[in-house]
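The values are calculated or read from the model by the stated rules, or taken from the named source; none is laboratory data. Since the model is a prediction, treat every value here as computed from it, not as a measurement. As a convention, Cβ positions derive from the backbone with ideal geometry for all residues, glycine included, and neighbour counts pool all protein chains shown.
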Amino acid sequence: MNAPLPTGPITPLQKQLFFQASRRSMAEVERILARFMQSELQKLDDGACERLLTFLNNPDPDILDWLTGVSSPPETVDGEVFSWLMQFKSEVC
């Protein structure tokens, strides 16, 4: 998809998160995450960025299943991060 970086200042951690989110192995996951990054990236502090980076270490098929309701994320997945993505997805996508 190669979404452009949001305009305005971003931290190095936000930039790392943006590129990891927008370069995924599954186009469906990439589209959702790229839209989230375009909208929310500059609002995220370093702690939130770290939590999202950890979430993105999960395989794309699992992330897609969780975001589409095919399955629930395991307890090891940060529930708040998952909630951010689900809320964004329900409002925008």
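What the table below lists for this structure:
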quantity: Residue under evaluation Leu56, criteria (1) under 11 Å from the mean Cα position of the chain (by Cα); (2) at pLDDT below 95, criterion not met; calculated: (2)
quantity: In the stretch 72-93, residue farthest from Leu52 (Cα to Cα) [restricted to those that are among the aliphatic types (A, V, I, L, M) and in contact (Cβ under 8 Å) with a residue 24 or more places away in the chain]; calculated: Val92
quantity: Some residue of the stretch 17-36 being without any contact (Cβ under 8 Å) to a residue 12 or more places away in the chain and at positive phi; calculated: no
quantity: Residue in the stretch 54-70 that is touching a Cys at 6+ places or on another chain (Cβ under 9 Å) and either acidic (Asp, Glu) or closer than 19 Å to Pro9 by Cα (or both) present; calculated: no
quantity: Any chance Gly79 is at positive phi and not hydrophobic (A, V, I, L, M, F, W, C); calculated: no
quantity: Of all residues in the stretch 44-93 being of a type outside the set (A, V, I, L, M, F, W, C) and under 15 Å from Leu17 (Cα atoms), the one that is surrounded by the most Cβ atoms within 10 Å (Cβ to Cβ); calculated: Arg51
